[in-house]
Amino acid sequence: MRLRAIYDFTDKKDLVAFAYLDPDAQQPCWSRLGDAHELHYTLDYFIGCRIGLFLLPTMKCGGAAAFHDFRFFDAEETPELEQA
């Protein structure tokens, strides 16, 4: 499973959209996860938005997650997200 966060800071839009890629699908393509979110920040303490990866168990306590290959790309280096 691959996850993607797509940030849009052009013209002060300050949005992030999330997507996933299931490599086991017959025809793998990026699928959006929900709607885009507005990013809020304040210059009072120079606090901005951050990204993080985590595991959230929903059925019972415990579990584990392994994350690897965490990379940042410029917009020119990544293919466009297909509209779901």
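The values are calculated or read from the model by the stated rules, or taken from the named source; none is laboratory data. Bear in mind that the values here come from a model prediction, so they are computed numbers and not experimental data. Cβ coordinates were reconstructed from backbone atoms using ideal geometry, including for glycine residues, and neighbour counts include every protein chain displayed.
Taking the criterion of being assigned to a loop (DSSP other than H, G, I, E, B) and within 21 Å of the chain's Cα centre (by Cα), the residues of the range 28-44 that qualify are P28, C29, L33, G34, D35, A36, L39, H40, Y41. Which one is farthest from the chain's Cα centre (by Cα), of the residues in the range 1-27 that are of a type in the set (S, T, Y) and closer than 18 Å to E76 by Cα? Checked the range 1-27; the qualifying residue farthest from the chain's Cα centre (by Cα) is T10. Sort out which residues of the range 3-23 are modelled with pLDDT of 85 or more and at positive phi, and write them in order of number. Scanning the range 3-23 gives D11, D14.
Note on the range 28-50: residues that are under 17 Å from F73 (Cα atoms) and surrounded by 10 or more Cβ atoms within 10 Å (Cβ to Cβ) total 1. Is at least one residue of the range 45-67 outside any loop (DSSP other than H, G, I, E, B) and in contact (Cβ under 8 Å) with a residue 40 or more places away in the chain? No, every residue in the range 45-67 fails to be outside any loop (DSSP other than H, G, I, E, B) and in contact (Cβ under 8 Å) with a residue 40 or more places away in the chain. Considering (1) in a loop (DSSP other than H, G, I, E, B); (2) surrounded by 10 or more Cβ atoms within 10 Å (Cβ to Cβ); (3) not β-branched (V, I, T), the lone condition that F72 does not fulfil carries the number (2).
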